[in-house]
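The values are calculated or read from the model by the stated rules, or taken from the named source; none is laboratory data. Predicted model, so just to flag it, every value in this text is computed and none were measured. For neighbour counting, all protein chains shown are included, and Cβ atoms are generated from backbone atoms with ideal geometry for every residue, glycine included. Ligands, DNA and RNA are stripped out before the accessible areas are found, and what is left, the full protein with its side chains, is counted by its heavy atoms. Shrake-Rupley method; radii C 1.70, N 1.55, O 1.52, S 1.80 Å.
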Amino acid sequence: MSTITNLAPDQASISRISNLRLMVGVTGLVLGLLAGIGLLSGGHATFNTSSLLTWGLPVSTYVFFVLTSTGLTFVASLAMVFGLKDFYPVAKRCVWGAVVTLVIGFISLGLEIGNPIRMLWVIPTNMAVTSPLWWMGLFYLTYAILLFWKFHLINQGDWSSQLSKLVGIASFVAVIFAHATLGSVFGMMAMRPFWYGPMVPVYFLITAFLSGLAFIMLFINLDYGVNQSNMSEGAARAMSRQLPAIFAIVLGLVIVFTIAKTMTGLWTNVPENKIVTQHIASSFLFQFELWIGMVLPFLLMLTAKRHEAKTQVVAGGLVIIALFIGRYEYVVGGQLVPMFKGAWADGLIDYTPSLTEIGIVVLAVSIGILLYAFGDKRLSLSDQPNA
Amino acid sequence: MTKWGMVIDLDKCTGCQACSTACQMENNRLPGENYQDVLYYTDRSQPTPKLVWFPRPCMHCEEPSCMHVCPTKATFKTEEGVVLVDWNKCIGCKYCMIACPYGVRFYTDEKPVIEPNVKDVFPGTGDLSWNPPYKGPQQDNAHGVGIQPHGVVSKCTFCYHKISKAPKGTSDLSNEDPALREYVPACVRTCAPTARYFGDLDNPNSEVSRLISDRDGARLLEHTGNKPQVYYLGRSAVVPGFKKS
């Protein structure tokens, strides 16, 4: 701690947050590994999922983080694909964030799948092109390769060569396809009315963008000690001017989407939609998600304080929590009505994630935190192209 | 080419669960994970209440959504129309369980429905997830028959290990012909009131074809487009919508 006191006050707060992040990451890793031991000894029987409710917290966590990765790529693309140069100062951080969140998502899913290693040969050798999951795997793999490649290029200082631009555009296109097929994984399930619909990929697109923006609002401000005067002039301009406006617009759209989906669900007579929507809408989680997690940050973005780092940290953090709840409600909600079990199952399925499931999420997130911390220390994430 | 299918007469089903028990014995099923269940549905209220016993095996659909969503082609359809899972290819993503409108699939590694966990009493060795004292002689991972390995999805196979050995060109597999009894699916063979029939849906002279035609056989959840190869007979062949009690 003596080093902190010797530094300028702003540097001290940056270091404090950086140390805190490291501590959270290491603690999470230890707790997550403890849960991992449970998984090794008891297998997936330690999950609270069942044949009635098949996909639980680890899958919703996967959806949340890979869509966040999508969103962070969108934000990075504002500079690198669409030429909004103000976003260059945060672009490298966004790309690294996209890499990290993708890794978190893959870990969460990998530990949920029965035979993840087998995927390596049975997926490429069987070409199951009718499966949305197959396409999702293909596009996310392509996206992952391009994303790593893009980060490697900008890490070498190559921001604007033909190749670098091409890889940037290609990763943007790949992630559009990837998130759309992830949406289709749910949206194509006609037998599950709560999920079914052609708008799911669009819903995922908008919420993914919001997720990326919220991560930027929270983590970039934290990286600079919740003080925009610690940032470069360009970064501070992007964070205080354009970002709150874009964030508010996208958040507004998501609020409209959420209310529309809820109202439709409450009005319909289809039991799998109506009963589930009633169940979700009447829960504390949903009310928190809507009012505290979305409406409150939206209102904050309408005030003059939206430019300030503290406001952005609060708004970004609340939206992240809301989106995480939203993903969980969505993934679990589509399975709450027992599929064809007759009067044996005459209520909604009762599901609460087990300690192992929560541990997997903690493990994946803490690995992500440590990866991000590594990037922050060693990869010069504040770099930007020379003017 | 034979297209195996089943007909279930709901007017004859008494809900005795003999079919479920036979299936459990034949396929080493664990409690709560029956390939074949006799569900019951209650519908309407006084003064016109209704209770229906509803046997539910895998529907072995003509257009199985479970097969279409499988990212590894582990779920496949044989030339004779039987939907099976190749455990050597299954990665345990469970998307097929999500996509099956009839809820007939099970994941190997689930929390036990009752304690003690039978799998702990008879722990598995090698590839097997458990090792019951009695098990059928036919372990066939490529067709999803036998004791499941860890991390895979399993389901009713129409007793593939039996029907696949039936003489070619057989139109019906029933108890009536002693020479064919060994090939009859366990649930059909055990059904005391003869509510189940099994045969070739493509053969116009088979008993299943005649029953479907004469008694207007109905398939479940037609709106999903899965086109089951299990048909139901009787006035009760309609599944009421979900109600929360």
Report task. Among what's in segment A:6-62 and is β-branched (Val, Ile, Thr) and either facing chain B (nearest Cβ under 10 Å) or buried (at least 19 other Cβ atoms within 10 Å of the Cβ) (or both), pick the residue that is nearest to the chain's Cα centre (by Cα). Result -> A:61
Query raised in the report: Hey, any hits in segment A:138-150 for a residue that's within 14 Å of chain B (Cβ to nearest Cβ), free of Cβ contacts under 8 Å to residues at least 12 places away in the same chain and either closer than 30 Å to residue A:377 by Cβ or of a type in the set (Asp, Glu) (or both)?
Result: yes
Report task. Name every residue in segment A:227-251 that is out of contact with any Pro (no Cβ under 9 Å at 6 or more places or on another chain) and within 18 Å of residue A:327 (Cα to Cα), in order of residue number. Result -> A:250
Query raised in the report: What is the residue count in segment A:243-288 for residues that are modelled with pLDDT under 95 and in a loop (DSSP other than H, G, I, E, B)?
Result: 3
Query raised in the report: Could you count how many residues in segment B:22-56 are polar (S, T, N, Q), open to solvent by 70 Å² or more (accessible area, probe 1.4 Å) and in contact (Cβ under 8 Å) with a residue 24 or more places away in the chain?
Result: 0
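Yes/no per residue for (1) surrounded by fewer than 19 Cβ atoms within 10 Å (Cβ to Cβ); (2) within 14 Å of chain B (Cβ to nearest Cβ); (3) modelled with pLDDT under 95:
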residue: A:170; (1), (2), (3): yes, no, no
residue: A:173; (1), (2), (3): yes, no, no
residue: A:186; (1), (2), (3): no, yes, no
residue: A:189; (1), (2), (3): no, yes, yes
residue: A:192; (1), (2), (3): no, yes, yes
residue: A:198; (1), (2), (3): yes, no, yes
residue: A:207; (1), (2), (3): no, no, no
residue: A:210; (1), (2), (3): no, no, no
residue: A:213; (1), (2), (3): no, no, no
Query raised in the report: How many residues, within segment B:76-99, are out of contact with any Leu (no Cβ under 7 Å at 6 or more places or on another chain) and either open to solvent by 10 Å² or more (accessible area, probe 1.4 Å) or closer than 21 Å to residue A:55 by Cβ (or both)?
Result: 16
Report task. Might you let me know whether segment A:336-348 holds any residue that is under 30 Å from residue B:32 (Cβ atoms), open to solvent by less than 10 Å² (accessible area, probe 1.4 Å) and in a helix (DSSP H, G or I)? Result -> no
Report task. Taking the residues in segment A:327-349 that are in contact with a Phe, Trp or Tyr (Cβ under 8 Å, 6 or more places away or on another chain) and β-branched (Val, Ile, Thr) as candidates, determine which candidate is farthest from the other protein chains (Cβ to nearest Cβ). Result -> A:332
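Which one of these is under 25 Å from residue A:67 (Cα atoms), open to solvent by 20 Å² or more (accessible area, probe 1.4 Å) and among the small types (Gly, Ala, Ser): A:304, A:260, A:235? Give the steps one after another, and end with the answer.
Details: A:304 fails: under 25 Å from residue A:67 (Cα atoms); A:235 fails: open to solvent by 20 Å² or more (accessible area, probe 1.4 Å).
The unique qualifying residue is A:260.
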Query - Test for residue B:109: is it surrounded by fewer than 17 Cβ atoms within 10 Å (Cβ to Cβ) and more than 21 Å from residue B:38 (Cα to Cα) - result: no
Query - Single match in B:119, B:73, B:135 (criterion: over 17 Å from the mean Cα position of the chain (by Cα), away from chain A (no Cβ under 13 Å) and farther than 16 Å from residue B:228 by Cβ) - result: B:135
Query raised in the report: Within the bounds of segment B:181-195, is there any residue that is among the aromatic types (Phe, Trp, Tyr), away from every other protein chain (no Cβ under 14 Å) and within 30 Å of residue A:193 (Cα to Cα)?
Result: no
Query raised in the report: For segment B:221-241, what are the residues that are hydrophobic (A, V, I, L, M, F, W, C) and crowded, with 21+ Cβ neighbours inside 10 Å?
Result: B:230, B:233
Report task. Quick one: in segment A:82-128, of everything that is within 10 Å of another protein chain (Cβ to nearest Cβ), on the phi < 0 side of the Ramachandran plot and not in a helix (DSSP H, G or I), which residue is nearest to the chain's Cα centre (by Cα)? Result -> A:112
